[in-house]
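Engineer: The structure is given below, and queries will be raised subsequently.
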């Protein structure tokens, strides 16, 4: 047995295992949940009129919440068309739908065949408003909406380059230790 090799191998083995176990490797894992809020609801909008429909949305706490709204607008005969779409929270009907400033709207644009993402930060009743006052043609709006909640989770693992280097050092230390234990010591006077 060669005591110096056993000691050096044991030291390498211990340092390598400590390096493997003490150095974390962080992974950012994106998480996403989806919940259908409105499923393919046809909404008729008469000419020169306003129409709205409401839905109660419960957001996921501690996550980034977006409402994905899909709209397809056509005339009653099926010809593609467009309409002024407004999205607003409960209590903002007057300021979004009727006032000329339209300050209460979370979204306010002319749409035809559109997918729209709207950030939400509160659980409440929201309204989908359709303004067809500038048109003499009745419209049909096909509406669907999905609440998408996103977050990032951090996963701690032992799979980084330094962790594998520590395992390699441990393996070398183990080989050196075994060699030191099983090697014959040469006595020079024999």
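All of the numbers you see were taken from the coordinates with simple rules; none came from a lab. The structure presented is a predicted model; accordingly, all values stated were derived computationally and were not measured. Cβ placement follows ideal geometry from the backbone for every residue including glycine, while neighbour counts extend to all protein chains displayed.
Engineer: Once both axes come from the Cα atoms, what is the angle between helix 3-22 and the longest principal axis of the chain, in degrees from 0 to 90, rounded to 10?
Structural biologist: Between the helix axis and the principal axis of the chain, the angle is about 10 degrees.
Engineer: Along the Cα→Cβ direction, 7 angstrom out, place labels at residue 123 and residue 178. What is the inter-label distance in nm?
Structural biologist: Inter-label distance under the simple model: 5.9 nm.
Engineer: For Rg and Dmax of the Cα atoms in Å, pick the label among (1) 18.1, 65; (2) 33.3, 116; (3) 25.1, 82 that corresponds to the value derived from the coordinates.
Structural biologist: (2)
Engineer: Stretch residue 171-residue 146 to full length: gain in nm at 0.36 nm per residue minus the Cα-Cα span?
Structural biologist: 3.7 nm
Engineer: Moving to a separate point now. Which order do the peptides 168-179, 116-127 take when ranked by the mean count of other beta-carbon atoms within 10 Å per residue, highest first?
Structural biologist: Ranking the peptides 168-179, 116-127 by packing returns 168-179, 116-127.
Engineer: Where does helix 161-182 land angle-wise versus the long Cα axis of the chain, in degrees 0 to 90, nearest 10?
Structural biologist: 20 degrees
Engineer: Ok, one more. Let me have the 222 nm mean residue ellipticity of the chain computed from DSSP H runs of 4+ only, each contributing -39500 (n - 2.57), with the sum over all residues rounded to the nearest 500.
Structural biologist: Estimated from H runs of four or more residues: -7500 deg cm²/dmol.
Engineer: Mind telling me which of 107, 11, 87 comes out most flexible in a GNM of the chain, alpha-carbon contacts under 10 Å?
Structural biologist: In the Gaussian network model the winner is 11.
Engineer: Give the calculated FRET efficiency between residue 64 and residue 39 to the nearest 0.05, with a Förster radius of 22 Å applied to their Cβ-Cβ distance.
Structural biologist: The formula returns an efficiency of 0.45 here.
Engineer: So for the pair residue 155, residue 3, with labels modelled 7 Å out along Cα→Cβ, what separation do we get in nm?
Structural biologist: A separation of 4.9 nm, rounded to one decimal place.
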